[in-house]
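The structure appears right after this line, and notes come after that.
The values are calculated or read from the model by the stated rules, or taken from the named source; none is laboratory data. Bear in mind that the values here come from a model prediction, so they are computed numbers and not experimental data. Cβ atoms come from the backbone with ideal geometry, glycine included; neighbour counts cover every protein chain shown. To get the accessible areas, we keep the full protein, side chains included, count just its heavy atoms, and leave off ligands, DNA and RNA. Shrake-Rupley method; radii C 1.70, N 1.55, O 1.52, S 1.80 Å.
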Amino acid sequence: MADRVTVIGWDGSPLTAAARSALAAATLVAGAAHHLALPEVPAAAERVRLGSVDLAARRIAGHRGTAVVLADGDPGFFGVVRTLRAPEHGLEVEVVPAVSSVAAAFARAGMPWDDAKIVVAHQRTLRRAVNVCRAHPKVAVLTSPGAGPAELALLLDGVHRTFVICEALGTEREQVTVLTSDKAADHAWRDPNVVLVIGGSSAGGWLMGHDTPSVRGWALPGEETDGRTGQDATLRAAQLARLGPRVGDLVWDIGCAGGAFAVEAARFGAAVIAVDADPEACARTEAAARRAGVQLQTVSGRAPHVLERLPEPDVVRVGGGGVPVVTACTDRRPERIVAHAGTRDEAEAVGAALADGGYQVECALLQTVALDPGDFAERSRSVVFLLSGHRT
């Protein structure tokens with residue numbers, strides 16, 4: 001095993017004294033081509049081109065001498081340090097950091113970034129990264145080949161964002177481009193890069209990358225979201241509990257009415273597409289989202305036909321449309337679906353549609369009675385069948 005392993009971050013600025021000292025003593029240096037070309041790399045040192053970090057880690061583990069790994073930006077921030085410290089390699093490392101590429105990108109844009117979400121986009125995580133960009137007003141995306149600005153823009157179809165695309169940060173080829181998301185797919189970009197996806201502003205707060213809801217609690221009474229929805233808060237709470245929307249998810253809310261459920265799902269950090277045949281319902285949902293300070297997209301159209309052009313969902317709430325809409329949703333294979341029905345016959349039909357679509361079905365009869373706290377007189381009563389399907 002190497003006697004000493006030092007990981008050095010490089011952001012294009014002159015190396016620090018600590019970095020130069022570690023390099024001068026190195027008998028093995030691993031890094032990308034532009035790192036290995038640095039004049040501080042000893043001529044006699046073994047050079048390892050850093051393609052696969054796992055392969056490089058195995059080379060370092062078998063090396064007798066002093067090893068240095070060069071990486072762009074801060075190597076402890078979505079960088080090589082995690083892989084090098086993995087138990088299978090057994091490497092203990094010292095880290096000499098530099099300015100992270102995310103910090104550099106926001107500096108080039110002249111923007112604060114304590115309120116930004118930061119995601120890594122690979123081909124396998126691209127859809128979830130896009131969902132974060134849908135749901136949050138300021139996101140930094142660390143890209144990779146096949147998951148760059150053009151792919152982000154294509155999957156954000158219908159959602160307006162401003163892209164700040166930072167290529168080759170810290171090098172002589174550095175270029176910063178600002179354009180709208182609908183134009184990003186028309187260009188060829190150098191990989192990898194950092195994309196700042198901006199869709200609004202936030203006031204910042206005390207917790208990095210997180211917006212604290214202004215109103216405490218969830219499944220709020222109707223008057224705190226939209227008094228015209230007519231949806232029982234207890235039913236909404238049960239639906240949210242069954243679906244469990246989270247950051248990186250895309251939620252379909254079909255039959256959004258006044259936006260009560262859509263806003264709640266967005267407050268959990270999920271991306272939301274709210275669908276309703278009534279344009280006024282979409283307008284009410286957008287207004288509710290503005291009041292709550294969340295981002296969501298509305299689509300006016302009649303389900304199930306309008307669903308054909310929507311991106312793939314992770315979880316779905318069916319607020320209307322019955323069996324045809326439920327069947328259209330099962331065809332898209334989200335992880336979970338919830339629906340409700342007013343009669344047993346409707347509930348049996350929806351449950352059968354979920355089961356036929358390959359979902360494990362649960363059904364419950366929910367009865368809620370709102371009481372006056374003064375004399376416990378009944379204010380209103382709601383009885384509904386709640387159906388939920390979990391993909392098997």
Quick check on this structure: which one of Ala61, Ala32, Ala57 is crowded, with 19+ Cβ neighbours inside 10 Å, over 26 Å from the mean Cα position of the chain (by Cα) and at pLDDT below 95? Ala57
Considering every residue within the range 162-185, establish whether at least one is touching a residue at least 24 places away in the same chain (Cβ under 8 Å) and closer than 14 Å to Lys117 by Cβ. no
If you check Val132, Val119, Val139, Val164, which single one turns out to be in a helix (DSSP H, G or I), closer than 27 Å to Trp206 by Cα and not small (Gly, Ala, Ser)? Val132
Restricting attention to the range 169-178, and to residues there that are out of contact with any helix residue (DSSP H, G or I) (no Cβ under 9 Å at 6 or more places or on another chain) and of a type outside the set (S, T, N, Q), which single residue is farthest from Gln297 (Cα to Cα)? Glu172
Out of the range 167-204, which residues are in a strand (DSSP E or B), closer than 18 Å to Ala107 by Cβ and not polar (S, T, N, Q)? Glu167, Val176, Val178, Val194, Val195, Leu196, Val197, Ile198
Could you grab me the full set of residues in the range 290-321 that are in a helix (DSSP H, G or I), surrounded by 16 or more Cβ atoms within 10 Å (Cβ to Cβ) and modelled with pLDDT of 95 or more? Val306, Leu307
Checked the range 244-265 for anything small (Gly, Ala, Ser) and open to solvent by less than 10 Å² (accessible area, probe 1.4 Å); matches are Gly248, Gly258, Gly259, Ala260, Ala262, Ala265
Lone unmet requirement of (1) crowded, with 21+ Cβ neighbours inside 10 Å; (2) in contact with a helix residue (DSSP H, G or I) (Cβ under 6 Å, 6 or more places away or on another chain); (3) of a type in the set (A, V, I, L, M, F, W, C) for Ala116: (2)
Which of the following residues is under 24 Å from Gln367 (Cβ atoms) and not small (Gly, Ala, Ser): Glu312, Glu346? Glu346
Return a yes/no flag: does the range 85-96 have any residue that is outside any helix (DSSP H, G or I), of a type in the set (D, E, K, R) and buried (at least 18 other Cβ atoms within 10 Å of the Cβ). no
Evaluate the following for Pro334: is it open to solvent by 30 Å² or more (accessible area, probe 1.4 Å) and closer than 30 Å to His160 by Cβ? no
Taking into account only those residues within the range 216-256 that are small (Gly, Ala, Ser) and touching an Asp or Glu at 6+ places or on another chain (Cβ under 7 Å), which is modelled with the highest pLDDT? Gly255
For the range 103-113, what are the residues that are open to solvent by less than 30 Å² (accessible area, probe 1.4 Å) and more than 14 Å from Gly12 (Cα to Cα)? Phe106
Pull up the range 136-157, narrow it to residues that are open to solvent by 10 Å² or more (accessible area, probe 1.4 Å) and under 19 Å from Ala270 (Cβ atoms), then point me to the one that is nearest to the chain's Cα centre (by Cα). His136
